[in-house]
Amino acid sequence: MAGNIFRIVERLIHPQRSIRWRLFWCFFGVSLGAIAVINLVWLPASIREIRHGQEELRSVSVESIRDRMRHFLRDLEAELNSAMLQFRVALLDGDPEDIRSTAQKLIQHQPAFEEIGLLSNQGREIFKVSRRQPVTHEELRDRSATALFREGRKAKIRWSSVEITETSEPWVTLSISLDSSKPEGVGIVYAVINLKWLWRLTGDFKLSNQGRAYVVDGNGRLIAASDTSWVLRQISFADRPLVKQLMSTRWNQTAPAIHGSYTNEIGSAVAASGVRLDPPGWSVIVEQPQAVLYAAVREKLWFCAALSTAALLISLLFAHFASGRVTQPISRLQEAADQIAAGRLEHRVPIETDDEIGRLAAHFNEMTFALRVSRQGLEEKIAERTQEISALYAAMTPLGSSDSIAQIFGPIIDKLVEATGSDAALIRVFDREQNGFACLAQAGFPSDYLAAARTMNPGSSSERVFSQGVPIIAENIAADPRIKRKRQLQYGFNSCALLPLAVRNEVRGIIHLASRQAGYFSEDKKEYLMAIARLMGIVIENNELLQSSVQWTVDLKRSNQELSALYAALAPIGVDIQVQELLAGVIERLQSATGADAASIRMLDKNDGSFYYPAQKGFPQEFLFANPTLESGSADERVFVSGEPIVAENIAADARIRRKRQIQYGFNSCALLPLAVGNEVRGIIHLASRQTGYFAEEKTDYLMAIARLMGIVVENNELLQSSVRSAAELRQSNQELEQFAYVASHDLQEPLRMITGFTQLLAKQYGDRLDQKAKEYIGFAVDGAKRMQGLIEDLLTYSRVGSKGKAFVSTDCEAVLGKTLAGLRIGLQECGATVSHDSLPTVMGDEFQLGQLFQNLLGNAIKYRNSEAPQVHVSCKQETEQWTFAVKDNGIGIEPQYRERIFQIFQRLHTREEYEGSGIGLAVCKKIVERHGGKIWLESNLGEGATFYFTMPA
Ligand code: ADP
């Protein structure tokens, strides 16, 4: 919603730049202007006129009221004046009755007079008649102090201010002064006038438009109005602006009425007009309610508003349709232009009018027709060209891996002639070695012309095309200054195109097209011809890529074969092969795998920093030994430090190879590869070739793969050597240990036996001469010696497992177990033990030792029994390559934490007091099992019996 409004406003502020839009605004603007003039000029003027008319009407009314009142007041003045003259005469005559009758008559005649009186020039009341009550002579008073007398004497005729009380009707006193010189002469004649008669005048006046009239005195007090009650209430209108204005202004009798407006006492807004009535200085005002007065104006306004709205709508519609109508042909024209711009050239603009637009439409149609025709021509041309190029392309695509460029271009040349429409075509490439052009393919040129085309003449058009890479298209060879030698003319060619044959921005040759027809090749064919030339370039490029990828595949195949041969040569590393021998053995393979003319492996002796050559081939001795150490700044050092290879395509030009000694021996390209073991560079594989560029950057990965392979071989060899070494050392030390144990135990037995024997002898022969203590000590000595003997025996047993073991023969374990059980029979019976067993296999082993093994395990199973009768079960099961035996008992069991410890020599879990033993049994078992290539372990928990497992190879 907001967006819509915004768009409308936006369109109004920034209108579309269309003729229709401008016309619309033009039409609409004119209508709007007319409406504005009506509303802003005519309407206010006519409203002003109405108001003015009203004011004039009011002026007339108010002035006529004022005039009537003025007449009324002047009449009163005249009547009093004439009465005064009569009074004067009567006074002179001294006829008071005459005065009375005159006065009575006047009162009767003029109902406005309420009272008439005479004051002497001293201010005394001479006479007085009142309409309401008779006045006696006694009632006459001295009124010299009153305003009536004092003010009245100053003017000839004076109207007093209006007196109003709440009870009586308002009155005013009119006085006429007389200039009587006599002391008792008449000073003033006065009449009190009831103003209700004035009301009548105002009330009687019929005013249009619910108007009303009222009169205010010089102080703004209401003195006459149609509604008399207002007057009695003594209301003041002095605050009304109009009244103020009337009160302040000095008016003359003829002054026109003034106008104003205010809100009256009943709250309605009124328009009023007023005039002054002088004397007595009153103002007459006529007011009319604005609501009534301006009803006509309002009507007019409404009417105008309705009319304006209608006019506005009509003008909008008019502007819309009129602008549409006027711009319709233009829009059609524009639509047509859009259609044509969009490529629909068959579109026709309807010609509707016979004016400029109609003519324009006709021009448009002519133009599109012309365009259509030219497009058709163009399309045909494009189709033709596309066909030609695709034919050309088709001729070029089937590239065989074995095709040479000449083979490829042979069949293309005819297509080229066909596609370009030339009479002769020649494709030449520049041969740097021959310093001349070689012809790849040609058609239509005579052989002697071709022979001459082999040389590149300086300044010739060919040279220009070749060196600058820009084509020369000569419409007319005869007239073209770029074609210096006009030899083509001799062969009847008049127009030609020399196009650069470029491969990857490098101009390799020239495509020469010639036509007998002068002007056949022209500049406008340049793009097309160049496209063909580029296509030819791409053909060469593709062919090169193909050739190089074929070559690469061949190389790869060969190097793979060589690598595997190299690997095969490296693989059979014997235990006694030293690195030196190993590398010497592979140097030939290395040479053939890399295709190097010479190969060497230099190793750095860490002790003295000198090089030695485990292997080399193809390098002269003096070359090798001229460089005995790692020189700082040399290429070797660089390889050593960085671990990166240096592959120098051209030793002569390579800054990394400082001493160019290799060149002296005819090597032009080389590779220095780090021979790294782990991360440490140990040596350098140096490969050299007589051929410049033989070792190039792109071979680096392959060479490094070989270098790494060599490194791994050296590393493996080192590992093998070291493991062989440590195994031999181990064997040696074991043998020595066994030897020692055997010798020690064997040789120790002899003196020990002497100790025991002689100590026993001592006890026996000298027993009676020895005291108890000595006998006890001898007992300890014998005991200790016996224990030592036991230990030595055990040790001997243990050492014999290794040293005195027999060769393995096929041994029936069941039979071995049978013999063992027979030996243990008494022991078993004593403790009521039962031994069961599965059928046991025949294994390769030492029968005596296997018997020992069973004996120890069964012996323990019975020895470490609890209160129950021992039950032992010997089982065996076959796994893939071994037998697993188990000897399970129901004895005291072993805490899991001692699982390893009990197999160590002399390790026991109990004292000898608890269980007899020396702690050698299981150590012997372990040794026997291991000698047979098996493992021994146990599973047990304290108090739950124990199961000893051991394996024997199957
Ligand atoms: P010993 O001469 O003490 O029997 P062994 O090497 O045969 O020496 O055994 C080492 C220790 O292993 C023993 O002291 C014993 O505590 C524990 N042991 C061996 N066989 C068993 C068994 N079947 N049940 C419980 N304990 C055993």
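The values are calculated or read from the model by the stated rules, or taken from the named source; none is laboratory data. The model shown is predicted, which means the values in this text are computed figures rather than measured ones. Don't worry about glycine lacking a Cβ; one is built from the backbone with ideal geometry, like all the others, and counts go over all protein chains shown.
Quick notes
- Within region 891-904, considering residues that are part of a loop (DSSP other than H, G, I, E, B) and within 8 Å of the ligand (Cβ to nearest atom), the one farthest from Gly832 (Cα to Cα): Ile894
- Condition broken by Cys876, with the remaining ones in (1) more than 15 Å from the ligand (Cβ to nearest atom); (2) without any contact (Cβ under 8 Å) to a residue 60 or more places away in the chain satisfied: (2)
- Candidates Arg132, Arg153 - the one that is closer than 29 Å to Ala224 by Cα, modelled with pLDDT under 85 and touching a Ser or Thr at 6+ places or on another chain (Cβ under 7 Å): Arg153
- Total residues in region 637-656, condition over 17 Å from Gln691 (Cα atoms) and part of a helix (DSSP H, G or I): 6
- Residue match in region 642-650 (condition: under 17 Å from Ile706 (Cα atoms), at pLDDT 90 or above and not hydrophobic (A, V, I, L, M, F, W, C)): yes
Results for (1) near the ligand (Cβ under 8 Å from one of its atoms); (2) part of a strand (DSSP E or B); (3) in contact with a Gly (Cβ under 6 Å, 6 or more places away or on another chain), shown as yes or no for each residue.
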residue: Ala869; (1), (2), (3): no, no, yes
residue: Trp883; (1), (2), (3): no, yes, no
residue: Glu916; (1), (2), (3): yes, no, no
residue: Gly919; (1), (2), (3): yes, no, no
residue: Val929; (1), (2), (3): no, no, no
residue: Trp937; (1), (2), (3): no, yes, no
residue: Thr947; (1), (2), (3): no, yes, no
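- Any hit, region 851-867, residues being farther than 26 Å from Gly943 by Cβ and within 12 Å of the ligand (Cβ to nearest atom): yes
So that you can scan it fast, the table gives a plain yes or no per residue for (1) exposed (fewer than 13 other Cβ atoms within 10 Å of the Cβ); (2) in a helix (DSSP H, G or I):
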site	(1), (2)
Val231	no, yes
Asp239	yes, no
Ser273	no, no
Arg276	no, no
Phe303	yes, yes
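- Within region 178-197, restricting attention to residues that are crowded, with 22+ Cβ neighbours inside 10 Å and modelled with pLDDT of 85 or more, the residue that is nearest to the chain's Cα centre (by Cα) is Ile193.
- Pick from region 829-846, criterion surrounded by fewer than 19 Cβ atoms within 10 Å (Cβ to Cβ) and within 25 Å of Gly919 (Cβ to Cβ), ranking: nearest to the ligand (Cβ to nearest atom): Cys831
- Residues being in contact with a Leu (Cβ under 9 Å, 6 or more places away or on another chain) and part of a helix (DSSP H, G or I) - total across region 331-372: 11
- Matching entry among Glu475, Glu506, Glu523 (being within 23 Å of Gly436 (Cβ to Cβ) and free of Cβ contacts under 8 Å to residues at least 60 places away in the same chain): Glu506
- Only one entry of Gln855, Gln849 meets the criterion of being in a helix (DSSP H, G or I), touching a residue at least 60 places away in the same chain (Cβ under 8 Å) and surrounded by 19 or more Cβ atoms within 10 Å (Cβ to Cβ), and that entry is Gln849.
- Selection status of Val924, within 9 Å of the ligand (Cβ to nearest atom), within 23 Å of Arg825 (Cα to Cα) and not basic (Lys, Arg): yes
- Residue that is farthest from Leu840 (Cα to Cα) [pool: residues in region 864-881 that are surrounded by fewer than 20 Cβ atoms within 10 Å (Cβ to Cβ) and charged (D, E, K, R)]: Glu868
- The strands (runs of 3 or more DSSP E) located wholly in region 425-522 that include 2 or more residues which are of a type in the set (A, V, I, L, M, F, W, C) and closer than 20 Å to Glu541 by Cβ occupy 436-443, 495-503, 506-515.
- Output for region 914-926, where each listed residue is among the charged types (D, E, K, R) and at pLDDT 90 or above: Lys926
- Looking at Phe437, Phe430, just one residue is surrounded by fewer than 20 Cβ atoms within 10 Å (Cβ to Cβ) and modelled with pLDDT under 90, and that residue is Phe430.
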